[in-house]
1. Can you confirm whether A:E315 is within 25 Å of A:E251 (Cβ to Cβ), buried (at least 19 other Cβ atoms within 10 Å of the Cβ) and not aromatic (F, W, Y)?
2. Given the condition away from every other protein chain (no Cβ under 14 Å) and either of a type in the set (D, E) or without any contact (Cβ under 8 Å) to a residue 24 or more places away in the chain (or both), answer yes or no: does some residue in the stretch A:154-176 qualify?
3. State yes or no: is A:A317 hydrophobic (A, V, I, L, M, F, W, C), touching a Ser or Thr at 6+ places or on another chain (Cβ under 7 Å) and in the same structural domain as A:H245 (by the TED database)?
4. Output the residues belonging to the stretch A:6-19 that are in contact with a helix residue (DSSP H, G or I) (Cβ under 6 Å, 6 or more places away or on another chain) and either on the phi > 0 side of the Ramachandran plot or modelled with pLDDT under 95 (or both).
5. Report, by residue number, each residue of the stretch B:244-258 that is surrounded by 14 or more Cβ atoms within 10 Å (Cβ to Cβ) and either not charged (D, E, K, R) or not in a helix (DSSP H, G or I) (or both).
6. Within the stretch B:60-70, track down each residue that is more than 7 Å from chain A (Cβ to nearest Cβ) and either among the hydroxyl-bearing types (S, T, Y) or crowded, with 24+ Cβ neighbours inside 10 Å (or both).
7. Limited to the stretch B:77-116, what total is found for residues that are under 21 Å from B:G176 (Cα atoms), out of contact with any Gly (no Cβ under 9 Å at 6 or more places or on another chain) and more than 14 Å from every other protein chain (Cβ to nearest Cβ)?
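The values are calculated or read from the model by the stated rules, or taken from the named source; none is laboratory data. In this text, all values refer to a predicted model and were calculated from it rather than measured experimentally. Reconstructed Cβ throughout: ideal geometry from the backbone, glycine too, with neighbour counts over all protein chains shown.
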Amino acid sequence: MIQVPDTYGRFGPFGGRYVPETLMNALLELEEAYNRYKDDPEFLDELNYLLAQYAGRPSPLYYAERLTKHLGGAKIYLKREDLNHTGSHKINNALGQALLAKRMGKKKVIAETGAGQHGVATATVAALLGMECKVFMGEEDTKRQKLNVFRMNLLGSEVVPVTSGTRTLKDACNETLRYWVSHVDDTYYILGSVTGPHPYPMMVRDFQRIIGVEAKEQLLKQEGRLPDVVVAAVGGGSNAMGIFHDFVGDESVRLIGVEAAGRGVDTDKHAATMTKGRPGVFQGSMSYVLQDEGGQVQEAHSISAGLDYPGIGPEHAYLKDTKRAEYVPITDAEALEALQLLSRQEGIIPALESSHAIAHTVKLAPTLPKDSIVVVSLSGRGDKDVEAIMPYLGGESQ
Amino acid sequence: MSTATANAIDTVFAELKAKGETALIPFLTMGDPDLNVSVELVQAAEAAGASMIELGVPYSDPLADGPVIQRASERALRQPIKLTDCMAVASEARRRGVRMPFILFTYFNPALQLGLERFFSLLQEHGFSGVIIPDLPLEEDAETRAIAERTGIHLIPLVAPTSEARVERIASKARGFVYCVSSLGVTGVRATFHEGIDSFLATVRRAASVPICVGFGISSREQAERFAGQCDGVIVGSAIVRKVEEALPQLTAEDETVHRAGVEAVQAFIADLKPRAKRA
């Protein structure tokens, strides 16, 4: 296995640092600070303590027996990131970066958010560490995720509605980067996914890889073997990279990333970056991008605000091109159906993002032998989505 | 294919230096409100005393730009507009008699999608002398720089007040001029500049063997003149694009007289930006 990324932040041809010169020194400083602290015992002690005692790790690896029987195929295990403090995997990375920011002497943090999960996680750690926090969120998403806006305010953060461009995650990222360019002197940018310029894709992956490390250890304990398949939803791709990474070297394990097909990959309303995009430079790195012929980035669509993004992390692009991982699309309708299925079969309401991973598992599990094992990253809980999905399910709810 | 003839940007700076003048470099977003008007505004800019001009390619994700240029990009992108359409504004303006050098300002992805070889050969074809790519820092520009050198198109780099030790490396490789970002932040009109701006410019001056120009936030002749003694040119973007925005009702008018009045209003604004004399 070649170690990726290289010193330029390259995963094969992907990754890199395509940002305005104003940010270059900040990124170099960040890389240097990260390299200094990532193996520092004191830093790791503090992080591990907070992950355990504050965030509630390790998250359980739960055998979904009723779902397994219902589908009649592979055994399905759920990695319960939804049980973390703040309700998703985002807290893992937010804690890691906030502790790094503290060591770098930064008192102000900023973040972008789509569904609000990363925003809430960042607002939470900012409160915990006494930092000033601003979260940039597309105006469209502030409407879809009102509850999360309120949660962030409650935690003492300011939510800045972004009215430029598509008014969703893509432009929230642009606006956060623009704000960072203007305030790079005293502000740390807690980027929420394995996207953006180096070192973010590497660093966020490293902070999230605990998901896969735990899952592997837990499954070895429970089943005495590795899984056959690991499934995770991908928007930017942080929970997927987190659960995949420790399995990348285990060649028997199939890695499947599930992207949002919105109303269908043959419509113009989807966020299926791997299925329909091509390589390009977007928001600081080279990866697959949904774009038109001339290189203008296209608007993505997904019922899930967290997957509603026309880019994807560069390491995923690398895993796709080296054929180490597969990427498949799941529509809004399939995700909604999976959300209801898991709610009724297991008493777990998954986030719309995670519902995409469940939906693919619903298709996949029955095709696999009963003694095979699928581990699904249940990246977040669905409480935040309940209000947003009510109109869709209005006709069907009893 | 090597180009032995002098690059027009170098020639213009040499002429200005001989006269003791500071270059005025306006920026216009192509296709705002449409490509025909863009050609007229390029002509107007030269008539107003511009020494060279940046033609901005509208982009869906203009990371380095503030609200004014973001809005201009959004307006331009309401119609399908390709990178090559923006380049054609230069060749059409040249056909109509414009003589100043053209510099294309584009984010990297549109150029990458066109293919870098083709991108540079089209720049030559349409009569460009330089290109500015705001999201292509030194670490990522090896391939682009090599093609630029080979085709004789100047790849003009940006340096920022935060560049510090990088200034030396960037300035020493610069072609055409070094674009000094006057303040932290995105493009846009501002009242104040980075507090260390003067020593920053002095640092760039020491490191550069090519002219240095200041941009980001310059919106008036007073501000242009403030920098005139410390640099070889001033770049004005958002202030002009905002003027275009104000003149949109006229610029989009069917009536020829009203339309001309719009173009002339922008021309008068640019003319008024020109620094009177180099102080130093």
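1. yes
2. Keep residues of the stretch A:154-176 that are away from every other protein chain (no Cβ under 14 Å), which gives A:154-159, A:161.
From what's left, either of a type in the set (D, E) or without any contact (Cβ under 8 Å) to a residue 24 or more places away in the chain (or both): A:154, A:158.
The answer is yes; a qualifying residue exists.
3. Details: hydrophobic (A, V, I, L, M, F, W, C): yes; touching a Ser or Thr at 6+ places or on another chain (Cβ under 7 Å): yes; in the same structural domain as A:H245 (by the TED database): yes.
Spelling it out, A:A317 is indeed hydrophobic (A, V, I, L, M, F, W, C), touching a Ser or Thr at 6+ places or on another chain (Cβ under 7 Å) and in the same structural domain as A:H245 (by the TED database).
4. Answer for the stretch A:6-19, where residues must be in contact with a helix residue (DSSP H, G or I) (Cβ under 6 Å, 6 or more places away or on another chain) and either on the phi > 0 side of the Ramachandran plot or modelled with pLDDT under 95 (or both): A:G12, A:G15, A:G16.
5. Scanning the stretch B:244-258 gives B:V244, B:A247, B:L248, B:Q250, B:L251, B:A253.
6. Answer for the stretch B:60-70, where residues must be more than 7 Å from chain A (Cβ to nearest Cβ) and either among the hydroxyl-bearing types (S, T, Y) or crowded, with 24+ Cβ neighbours inside 10 Å (or both): B:P62, B:D65, B:I69.
7. 3
So that you can scan it fast, the table gives a plain yes or no per residue for (1) more than 14 Å from chain B (Cβ to nearest Cβ); (2) surrounded by fewer than 16 Cβ atoms within 10 Å (Cβ to Cβ); (3) under 22 Å from A:T195 (Cα atoms):
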| position | (1), (2), (3) |
| --- | --- |
| A:V4 | yes, no, yes |
| A:Y8 | no, yes, yes |
| A:V19 | no, no, yes |
| A:L23 | no, no, yes |
| A:K38 | yes, no, yes |
| A:E42 | yes, yes, no |
| A:L50 | yes, no, no |
| A:G56 | yes, yes, no |
| A:Y62 | yes, no, no |
